[in-house]
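Working notes for the structure below.
The values are calculated or read from the model by the stated rules, or taken from the named source; none is laboratory data. Keep in mind that what you see is a predicted model, and the values were worked out from it rather than measured. So basically every Cβ, Gly included, is an ideal-geometry build from the backbone, and we count neighbours across all protein chains shown. Calculation scope for accessible area: heavy atoms of the full protein, side chains included, ligands and nucleic acids excluded. Shrake-Rupley method; radii C 1.70, N 1.55, O 1.52, S 1.80 Å.
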Amino acid sequence: MHIYLPIAEVSVNAFLLLGLGGMVGILSGMFGVGGGFLMTPLLFFIGIPPAVAVATEANQIVASSFSGVLAHFRRKTVDLKMGTVLLVGGLIGAAVGVVFFNYLKSLGQVDLLVKLCYVVFLGVIGGLMFFESLNALRRSRKAGGVPVKRRQRGWIHALPFKMRFRTSGLYISVIPPVLVGLFVGVLSAIMGVGGGFIMVPAMIYLLGMPTKVVVGTSLFQIIFVTGFTTMLHATTNFTVDIVLAVLLLVGGVVGAQIGTVLGARIPAEQLRVLLAALVLAVCGKLALDLLLQPAELYSLGTDGGH
């Protein structure tokens, strides 16, 4: 059953979009990521213009993340104080990112930029996460299955403006969380992602937060940053496709609940290995698309548009 997407100006199978939304929703609930790092490239692959995919996927992330965070609220695994600090940086970063996105769109270079950003960031983050997670698994097995504690003190603890985060059991400076949120906000605007694939490892390895609290807190911050990004894209770029967003939303909300249940049953180290493998797989596919010669060498479009 094909349905016409008015803003993207293409026809796509509705059940395919529902299935993609459900699959990404499951990932959102399992890993604490918005799922945009996977969904946005998948939308590229089925013919959605990158500018529309980025703006619309930010909208879908809001719903799937909200569905997932509700389950984490019930388990009391959301650090609201840390989430609010991350959110301050995230909102500023999103505003800066949309301004930069608009500038590149006016030059007609936004499609190439988005794909290059995905290849670079997914490759670096996925590689680092994969090797670190494998090392964590080996250490855990050598310790007889008892998780090895991460080093708790470092340069982060020497910074000023400290604040106590009781849910996470931390007393650290607010500067690193604000900077992490700022960076993720920029990525949300340019790449159409929630930023969980950077947020989650940063919260675990940089801030030293417990894994069980990281997922829910990441989803909490993602909701507001991606919602703000969607509003900016809709009012400045007019690239949010409501029909596409609704189909992705329906699948994403259902999938997030399933993913939250699955995530609670899988050890944290194995979750990180799976997430890293997914990131690298998507990176590889995007890199191939950029390097291989396309079937059609030319396409028609308007100046600065899609």
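Quick one: which of Ala55, Ala51 is touching a Lys or Arg at 6+ places or on another chain (Cβ under 7 Å) and either under 28 Å from Phe101 (Cα atoms) or at pLDDT 75 or above (or both)? Matching residue, one of Ala55, Ala51: Ala51. Take Met163 and decide whether it is outside any loop (DSSP other than H, G, I, E, B), more than 17 Å from the chain's Cα centre (by Cα) and at pLDDT 80 or above. Taking the combined requirement at face value, the residue does not satisfy it.
Figure legend. Inter-residue proximity from region 199-220: first residues within 14 Å of Arg166 (Cα to Cα), second residues among the polar types (S, T, N, Q) and buried (at least 24 other Cβ atoms within 10 Å of the Cβ), beta-carbon distance below 9 Å, spacing 6+ or different chains. Indicated pairs: Met209/Thr217.
In summary, helices (runs of 4 or more DSSP H) completely within region 12-116 and bearing 2 or more residues that are surrounded by fewer than 19 Cβ atoms within 10 Å (Cβ to Cβ) and not aliphatic (A, V, I, L, M) occur at 14-31, 50-75, 80-107. Among the residues of region 48-75, those that are among the charged types (D, E, K, R) and touching a residue at least 12 places away in the same chain (Cβ under 8 Å) comprise Glu57, Arg75. Can you name every residue in region 6-20 that is touching a helix residue (DSSP H, G or I) at 6+ places or on another chain (Cβ under 7 Å) and more than 17 Å from Pro50 (Cα to Cα)? Across region 6-20, the qualifying residues are Ala14, Leu18, Gly19. Regarding Thr84, is this residue of a type in the set (Ser, Thr, Tyr), at pLDDT below 80 and closer than 18 Å to Gly185 by Cβ? No; evaluated as a whole, the condition is false for this residue. Remark: Thr239 matches the filter, which requires a residue to be polar (S, T, N, Q) and either open to solvent by less than 10 Å² (accessible area, probe 1.4 Å) or in contact with a Ser or Thr (Cβ under 8 Å, 6 or more places away or on another chain) (or both).
Just checking, does region 171-191 include any residue being part of a loop (DSSP other than H, G, I, E, B), at pLDDT 75 or above and over 17 Å from Gly68 (Cβ atoms)? Yes, region 171-191 has at least one match.
Can you say whether Phe31 is at pLDDT below 75 and not small (Gly, Ala, Ser), as far as the supplied structure shows? Yes.
Within this structure, Ile125 fails the test of being in contact (Cβ under 8 Å) with a residue 60 or more places away in the chain, more than 27 Å from Leu271 (Cβ to Cβ) and out of contact with any Asp or Glu (no Cβ under 7 Å at 6 or more places or on another chain).
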